[in-house]
Amino acid sequence: MTMKMMATLGNLRVDSKSSVFRVLNAANLVTFGRIAVTPVFLWLLLSTYKAGDPVNWILLLAFILIAASDGIDGAIARKQNTVTKLGKLLDPIADKILLGGSFIVLSALGVLDWWITVLILVREVAMTVYRLIVVKNRVIPASASGKSKTIVQAIAIGYLISPLNKMLENQFIDIGLFLVVVALFLTWFSAFQYFKDSRS
């Protein structure tokens, strides 16, 4: 083997290690962790949830911790300057798995009407396809409505999971339904806002 070939192989090894390091940085590991634990949480939600049961506080805490990690990976990436294309791809996917999966489970449990979950999921799938096919070569910053949509969805899910949903139940106002309707409105409003921004 010539010295030139050996040098080339050495450079390939360095580039390979660098690529692996960029993928397996702290921020992406947090995102991978969020994706990995979400199915466990959804299974626990499906198997242990009972309306008004104190155990729901534990489920709520687990949901909050998983959802909060969304901000942690972004903060780490910015602080360590390790923002990657993979991270930008996985982060919204992790959100959709957690929030979409939670809506599905809550509907399966009879806590939330299926039509609401279907409308939310249709929007999320449609926007994901639109991003991949139509605007794949452009970076469109997240709008205020898009960020608000995610926050309100998380708040609505958290409320529906918590014992408060049963404790504060009355014939005059359904707080859970109100939060879900607001989340549904923002979900579709943010989609139209994104479509508008992508065409400008």
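No lab work stands behind these numbers, since they all come straight from the coordinates. The structure displayed is predicted, hence computed values, not measured ones. When we count neighbours, we look across all protein chains shown, and the Cβ atoms used for this are built from the backbone with ideal geometry, even at glycine.
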With each label point set 7 Å from Cα along the Cα-Cβ vector, what nm distance links Thr48 and Ile133?
-> 4.1 nm
Once Val40 and Ile155 are pulled to full extension, the length gained, defined as 0.36 nm per residue separation minus their Cα-Cα distance, is 39.4 nm
Segment Ala68-Leu177, length gained on full extension (0.36 nm per residue, minus Cα span) | 36.9 nm
Label zone at Phe192, where the point sits 7 Å out along the Cα-to-Cβ direction: the range 92-120 residues whose backbone N lies under 16 Å | 120
